[in-house]
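None of the figures in this text is laboratory data; all of them are computed from the coordinates on show. The model shown is predicted, which means the values in this text are computed figures rather than measured ones. Using ideal geometry, Cβ is built from the backbone for each residue, glycine included, and neighbour counts are taken over all protein chains shown.
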Amino acid sequence: MKITCIKCPLSCSIDIKKEEGGLKIEGYECEVGRRYAIEEMEKPMRILTTTVAVKKGIHPVLPVRTEKEIPKNLLFDAIEILSNIIVEAPIQYGDIVYRNICGTGVNVIASRDIKRI
Ligand code: SF4
């Protein structure tokens, strides 16, 4: 598996594969990259950014994101949940709009303010 490390602007190209006795990892320049490659191989994580519907707001949709990374394989489930909720204005940056998304323990928060009409 080939991975481009996103942990710094060098964007090292890292090769990682399973071999007898463990993982073979080549192309990283530092320990941060080596750990990132292992995480990408075993349990990739991502910050989710999307939007949710707003009622009584000056804008019809609110950009939101997860407070922390969640497992990549839960992104579509999380998007499905968030596509079915409606939040009511006023909303402030950082307000929690959904708790414990997909049982991850991670909250989804507002990425901006939205005033009430
Ligand atoms: S491996 Fe290290 S040096 Fe290379 S992109 Fe990742 S963090 Fe940067």
Exercise. Just for region 5-30: of the residues that are β-branched (Val, Ile, Thr) and surrounded by 13 or more Cβ atoms within 10 Å (Cβ to Cβ), which one is nearest to the ligand (Cβ to nearest atom)?
Worked result: Ile14
Exercise. Tell me, which strands (runs of 3 or more DSSP E) wholly within region 7-97 include 1 or more residues that are within 19 Å of Ile109 (Cβ to Cβ)?
Worked result: 49-55, 61-66, 86-88
Exercise. If you check Arg116, Arg65, Arg112, which single one turns out to be touching a His at 6+ places or on another chain (Cβ under 9 Å), touching a residue at least 24 places away in the same chain (Cβ under 8 Å) and surrounded by 12 or more Cβ atoms within 10 Å (Cβ to Cβ)?
Worked result: Arg112
Exercise. What single numbered condition from (1) surrounded by fewer than 13 Cβ atoms within 10 Å (Cβ to Cβ); (2) within 19 Å of Asp95 (Cβ to Cβ); (3) not hydroxyl-bearing (Ser, Thr, Tyr) fails to hold for Phe76?
Worked result: (2)
Exercise. Do you know which residues across region 31-59 are crowded, with 16+ Cβ neighbours inside 10 Å, within 15 Å of the ligand (Cβ to nearest atom), over 11 Å from Cys5 (Cα atoms) and not aliphatic (A, V, I, L, M)?
Worked result: none
